[in-house]
1. For region 71-170, what class follows from the C-alpha gyration tensor (a ≥ b ≥ c being the square roots of its eigenvalues): rounded when a/c is under 1.5, otherwise prolate if a/b is larger than b/c, else oblate?
2. Quick one: plug the Kirkwood hydrodynamic radius of region 2-111 (C-alpha pairs) into Stokes-Einstein at 20 °C, 1.002 mPa s, and report D in µm²/s.
3. Quick one: Kirkwood hydrodynamic radius for the chain, alpha-carbon pairs, angstrom, one decimal?
4. Packing-wise, with mean Cβ within 10 Å as the measure, how do 78-85, 49-56 rank, highest first?
5. Quote the FRET efficiency, to the nearest 0.05, computed for F104 versus I163 with a Förster distance R0 of 45 Å and r equal to the Cβ-Cβ distance.
6. Please give the contour-minus-distance gain from K44 to I61: 0.36 nm per residue of separation, less the Cα-Cα distance, rounded to one decimal in nm.
Amino acid sequence: MIGIEMIIPFIRIIVTNLSGTLLKNIILSDIEIVPKSFIQQFIKTLTTLKAQYKSYKLGIIGIGFAFPNYNHKTGIIENIPNMQKWNQFPILQELEKCKLDIPFFIQSTVQAATMGKIHFGKANPFEQLVYISGTWGISASMYSNGNLISGQHGFAGRIGHSIIDVNGRQCICGNKGCLEEYASIRALFKKLYPGQSQQHKYIEEILKRVKK
């Protein structure tokens, strides 16, 4: 199984067995994360991984994609102000055009993480779960009685641009005082490295400082 997660400002690709055991972990941080280059890099990486694992009995049998602000009801990445080139991008349609010979599934990043907690984490016994992800942005996912709750239009849980201070910090979405400007990795990065733009070069340093 292959898992691909787009985490601003890099892409993570993993390979696991059917038990969820991690076999390979790849971080791509030196590419421009725009739709065209992402798909090209994905096809290139998939070709390499298929060759590496062809000796396995089943080989690569499935691919799971996790994208921020992916709406499974439309197949589109919607309302993502910190990645303008991805706004309204029909990722499902574009991946279908690639004519992959392997089944694939797409989910929003936070909902994919929620299902990971349900199936492989400590959330298994719970019938009700709210999972909050605080990465480059902030989002939430709700799980109840065996189902993800995404709302009528697929927007449930998008709390990052909830305004907590009407006169607060300017947000990239155009509003002021959004939650993401105070409680996300992006907010932490801006505080630790004001004026810097090459975020991926500082991620490991940020993690080390957090652990201390």
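1. Working: a/c = 2.09, a/b = 1.06, b/c = 1.97.
In terms of gyration-tensor shape, oblate.
2. On the way: Rh = 14.5 Å.
D, rounded to a whole number, is 148 µm²/s.
3. Values: mean 1/r = 0.0539 Å⁻¹.
Final number for the Kirkwood radius of the chain is 18.5 Å.
4. Working: 78-85: 16.0, 49-56: 12.6.
Top to bottom by mean Cβ count within 10 Å: 78-85, 49-56.
5. 0.80
6. Details: separation 17, 0.36 × 17 = 6.12 nm, distance 1.72 nm.
Full extension of this stretch gives 4.4 nm more.
FYI, it's all coordinate maths here, none of it is from the lab. What you are looking at is a predicted structure, and each value in this text was computed from that prediction instead of being measured. In this analysis, Cβ positions are derived from the backbone assuming ideal geometry, glycine residues included, and neighbour counts consider all displayed protein chains.
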